[in-house]
1. Look through SER90, SER110 and report the one residue that is closer than 24 Å to TYR39 by Cα, within 15 Å of the chain's Cα centre (by Cα) and among the polar types (S, T, N, Q).
2. Criterion first (modelled with pLDDT under 85 and of a type in the set (D, E, K, R)) does ASP94 satisfy it?
3. Is it fair to say HIS104 is in a loop (DSSP other than H, G, I, E, B), in contact (Cβ under 8 Å) with a residue 24 or more places away in the chain and open to solvent by less than 80 Å² (accessible area, probe 1.4 Å)?
4. Counting only residues that are open to solvent by 50 Å² or more (accessible area, probe 1.4 Å) and assigned to a helix (DSSP H, G or I), how many does region 20-65 have?
5. Could you count how many residues in region 142-189 are among the acidic types (Asp, Glu), open to solvent by less than 90 Å² (accessible area, probe 1.4 Å) and within 24 Å of SER105 (Cβ to Cβ)?
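The values are calculated or read from the model by the stated rules, or taken from the named source; none is laboratory data. What you are looking at is a predicted structure, and each value in this text was computed from that prediction instead of being measured. Glycine gets a Cβ as well: all are built from the backbone with ideal geometry, and neighbour counts include every protein chain shown. The protein model used for the area step is the full one, side chains on, heavy atoms only, and it has no ligands, DNA or RNA in it. Shrake-Rupley method; radii C 1.70, N 1.55, O 1.52, S 1.80 Å.
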Amino acid sequence: DCRLGPESGHFRIIDYKSGNRTVDYDALYHGLALQLPVYLAAYARTHPGSVPEDAAWFTVNRPILSIKDCKMLQQERLHAERLKAQQPVSLRLDPPVLEQLCQHSLQKASAIARELLEGRFPVHPVRLAGHRPPCDFCDFMALCHFDPHKGPWHRLEKPAAETPPDTRPTRRQIFLKLMQEEAEKEVRS
């Protein structure tokens, strides 16, 4: 947690990771990347009146820089490259969208918790289109006996939102549109 200033009431959550992270708006939407937004929601709930300003991952490691030319050995350039490699990876969302993401993520986490508490935790891994299978990273395949070559995978499609014709929105733009639609639906109900 890194406050932007106690007087401002605004805050930023930074989740320190040992591996590199990128923002995956599809995984955020489907609840496959809950940790950072749930941290954000937890801080906001324990500090009423505070406003989430940012959420980011920060890779804690010793960056290895490839030196392609002798100019790179200049101290200033080396320092600049090192700083560039150690930048936090921000969700790049405005405070109202961060608040909506918190609510969305808490709903996803609550649904998962309900299933676990009801004793329902089938071996049915989720696979998001265009992503590596989660079994590639799992150390517990011997326990679950899931065969990633046979499936059955629970396949999630990339989220889609209505957009003007002849446009190719980015994953971020689709995510923002879906968060806006959720917020509008909550206001109507």
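1. Result of the check over SER90, SER110: SER90.
2. Values: modelled with pLDDT under 85: no; of a type in the set (D, E, K, R): yes.
No: the conditions fail for ASP94.
3. So HIS104 fails the test.
4. Of the residues in region 20-65, 6 are open to solvent by 50 Å² or more (accessible area, probe 1.4 Å) and assigned to a helix (DSSP H, G or I).
5. 4
Yes/no matrix, rows are residues, columns are (1) at pLDDT below 95; (2) within 10 Å of the chain's Cα centre (by Cα); (3) not acidic (Asp, Glu):
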residue	(1), (2), (3)
TYR25	no, yes, yes
TYR29	no, yes, yes
ALA33	yes, yes, yes
LEU40	no, no, yes
GLU53	yes, no, no
PRO63	yes, no, yes
